[in-house]
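Below: the structure, in structure tokens.
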Amino acid sequence: MKIHGFGLVFVVFLGLILFAPVLTATGQDSQDQQPAPPDAAPSTAPAKPEPKLDLTPDANGKLSQEQMQALLRLVADRYLENDKRQLNYTYIEDDEKRHLDGKGEIKSTERETYEILEIYGDPVQRLIERNGKPLDAKEAAKEEDKIQKIIDKRKHESDEDRKKREEKEVKDREDGRAFVRDIADAYNFTLLGTETLGGREAWVISGEPRHGFVPHAKEGKYLPKFHGQVWIDKSDLQFVKLDVECLETFSWGMFLARFHKGSRFLLEQTRVNDEVWLPLHVAYKIDARLGLVKSIDVESDQTYRDYKKFRTKSRIVRVGEVTEQN
């Protein structure tokens with residue numbers, strides 16, 4: 001069992017950093033961060049009016065940088081709203097990793113299948129199959145035990161721990177919004193045209209690093225090291241697809257992971273039940289070094305399926321038990 005996210009924490013960070021940095025499940029321990037439970041009372045605060053978006057092209061059919069920046073900021077806000085709705089769904093993740101040798105040849109392949117669960121407002125992955133076979137009794141019991149520990153911790157959370165968690169959540173969102181502002185300033189955006197994906201029309205936008213960019217958010221310094229394209233659904237203003245490439249070799253994070261020029265990351269989403277966008281496909285190839293010893297040379301394909309919406313008044317209180325909340 002591992003905490004839900006689109007693959008390795010590096011993939012989440014690097015694959016989404018260009019256009020969608022505010023994903024809540026970015027490989028952090030779900031025991032340290034918790035959105036409000038799905039059955040919590042709705043907020044009575046008035047909703048902020050959505051800014052008016054003018055995407056009228058000029059005489060040459062182009063959009064100005066100001067228009068592109070406004071579009072990306074609005075899409076980021078929509079992404080935050082969508083992220084909350086994702087918690088109402090369970091689904092299956094099939095994860096195939098191909099480990100490469102020094103020549104780039106596949107030396108081994110492993111396949112794992114996870115069930116994505118919602119436990120007290122947190123999305124969590126539970127391993128259910130390995131290489132096409134169900135887990136043996138010992139492995140399955142270990143997975144259930146880890147999930148039970150999360151449930152027990154949430155159930156017995158103290159007022160002090162809850163306060164710390166809520167304060168951290170506020171800070172994370174503030175940091176995410178600061179990072180969004182950096183994204184709009186870090187790139188020169190170009191509208192390449194439109195494409196039809198999944199039967200829906202989407203804008204295709206490229207982003208290239210802007211000379212002289214000065215970051216304000218802590219993670220903003222990494223933005224100029226990437227470029228790529230984003231597909232935005234024209235009706236929902238949601239991310240449909242991301243294709244990101246590393247422009248230079250650099251080290252990142254407390255473990256000094258070293259990512260090499262040319263590393264690529266692909267994310268695709270799909271619209272479900274005419275109300276929410278959920279992951280459909282993630283692919284990446286990483287040639288990275290952790291410190292001076294461990295290497296990560298891997299290709300990965302992750303596909304998502306069997307989306308199911310559950311009642312928001314149902315909650316897991318013990319493994320295998322669901323209780324209705326009045």
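The values are calculated or read from the model by the stated rules, or taken from the named source; none is laboratory data. Small disclaimer: the values here were computed from a predicted structure and weren't measured. Glycine gets a Cβ as well: all are built from the backbone with ideal geometry, and neighbour counts include every protein chain shown.
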Legend entry - Residue that is nearest to Asn131 (Cα to Cα) [pool: residues in segment 71-112 that are among the aliphatic types (A, V, I, L, M) and in contact with a helix residue (DSSP H, G or I) (Cβ under 9 Å, 6 or more places away or on another chain)]: Leu80
Legend entry - Failed item, numbered, when Thr303 is tested on (1) modelled with pLDDT of 80 or more; (2) among the β-branched types (Val, Ile, Thr); (3) crowded, with 18+ Cβ neighbours inside 10 Å: (3)
Legend entry - Unique match (being under 22 Å from Tyr114 (Cβ atoms), touching a strand residue (DSSP E or B) at 6+ places or on another chain (Cβ under 7 Å) and either hydrophobic (A, V, I, L, M, F, W, C) or at pLDDT below 90 (or both)) among Val319, Val272, Val230: Val272
Inset, instruction - Kindly list the number of the only condition in (1) modelled with pLDDT under 90; (2) under 19 Å from the mean Cα position of the chain (by Cα) that fails for Gly104. - result: (2)
Inset, instruction - Quickly run through segment 179-193 and pick out the residues that are of a type in the set (Ser, Thr, Tyr) and within 19 Å of Leu267 (Cβ to Cβ). - result: Tyr187
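Can you tell me which residues in segment 67-100 are of a type in the set (Val, Ile, Thr) and outside any helix (DSSP H, G or I)? Let's see the steps before the verdict.
Initially, segment 67-100 is screened for residues of a type in the set (Val, Ile, Thr), giving 75, 90, 92.
Residues satisfying the conditions are Thr90, Ile92.
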Legend entry - Identity of the residue in segment 86-101, farther than 15 Å from Tyr284 by Cα and touching a residue at least 60 places away in the same chain (Cβ under 8 Å), that ends up surrounded by the fewest Cβ atoms within 10 Å (Cβ to Cβ): Asp101
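Among the residues of segment 235-255, what is the count of those that are touching a His at 6+ places or on another chain (Cβ under 8 Å) and either surrounded by 18 or more Cβ atoms within 10 Å (Cβ to Cβ) or touching a residue at least 24 places away in the same chain (Cβ under 8 Å) (or both)? Let's see the steps before the verdict.
In the first step, residues of segment 235-255 are kept if they are touching a His at 6+ places or on another chain (Cβ under 8 Å); the result is 244-247, 249.
Now drop any that are not either surrounded by 18 or more Cβ atoms within 10 Å (Cβ to Cβ) or touching a residue at least 24 places away in the same chain (Cβ under 8 Å) (or both), which leaves 244, 246-247.
Within segment 235-255, residues that are touching a His at 6+ places or on another chain (Cβ under 8 Å) and either surrounded by 18 or more Cβ atoms within 10 Å (Cβ to Cβ) or touching a residue at least 24 places away in the same chain (Cβ under 8 Å) (or both) number 3.
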Legend entry - Ile232 vs. criteria touching a residue at least 60 places away in the same chain (Cβ under 8 Å), in contact with a helix residue (DSSP H, G or I) (Cβ under 6 Å, 6 or more places away or on another chain), in a strand (DSSP E or B) and closer than 28 Å to Leu53 by Cβ: yes
Inset, instruction - Within segment 107-128, track down each residue that is within 18 Å of the chain's Cα centre (by Cα) and among the charged types (D, E, K, R). - result: Glu115, Glu118, Asp122, Arg126
Inset, instruction - Would you be able to say whether some residue in segment 108-122 is over 24 Å from Pro279 (Cα atoms) and surrounded by fewer than 17 Cβ atoms within 10 Å (Cβ to Cβ)? - result: yes
Inset, instruction - For segment 137-156, name all the residues that are more than 30 Å from Lys97 (Cα to Cα) and surrounded by 15 or more Cβ atoms within 10 Å (Cβ to Cβ). - result: Arg154
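In segment 196-220, what residues are over 30 Å from Asp274 (Cα atoms), among the charged types (D, E, K, R) and surrounded by 16 or more Cβ atoms within 10 Å (Cβ to Cβ)? Give the derivation first.
To start, the set of residues in segment 196-220 that are over 30 Å from Asp274 (Cα atoms) comprises 208-220.
If we keep only those that are among the charged types (D, E, K, R) as well, we get 208, 210, 218-219.
Matches in segment 196-220: Glu219 only.
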Legend entry - Filter result for Asp172 (among the acidic types (Asp, Glu), buried (at least 18 other Cβ atoms within 10 Å of the Cβ) and touching a residue at least 40 places away in the same chain (Cβ under 8 Å)): no
Inset, instruction - Could you tell me which numbered condition Leu192 fails, if it satisfies all but one of (1) loosely packed, with under 15 Cβ neighbours inside 10 Å; (2) part of a helix (DSSP H, G or I); (3) among the aliphatic types (A, V, I, L, M)? - result: (2)
Legend entry - Number of the condition not met by Pro134 [criteria: (1) exposed (fewer than 15 other Cβ atoms within 10 Å of the Cβ); (2) touching a residue at least 12 places away in the same chain (Cβ under 8 Å); (3) closer than 24 Å to Tyr91 by Cβ]: (2)
Inset, instruction - For segment 243-251, indicate whether the set of residues that are over 24 Å from Asp175 (Cα atoms), over 19 Å from the mean Cα position of the chain (by Cα) and at pLDDT 90 or above is non-empty. - result: yes
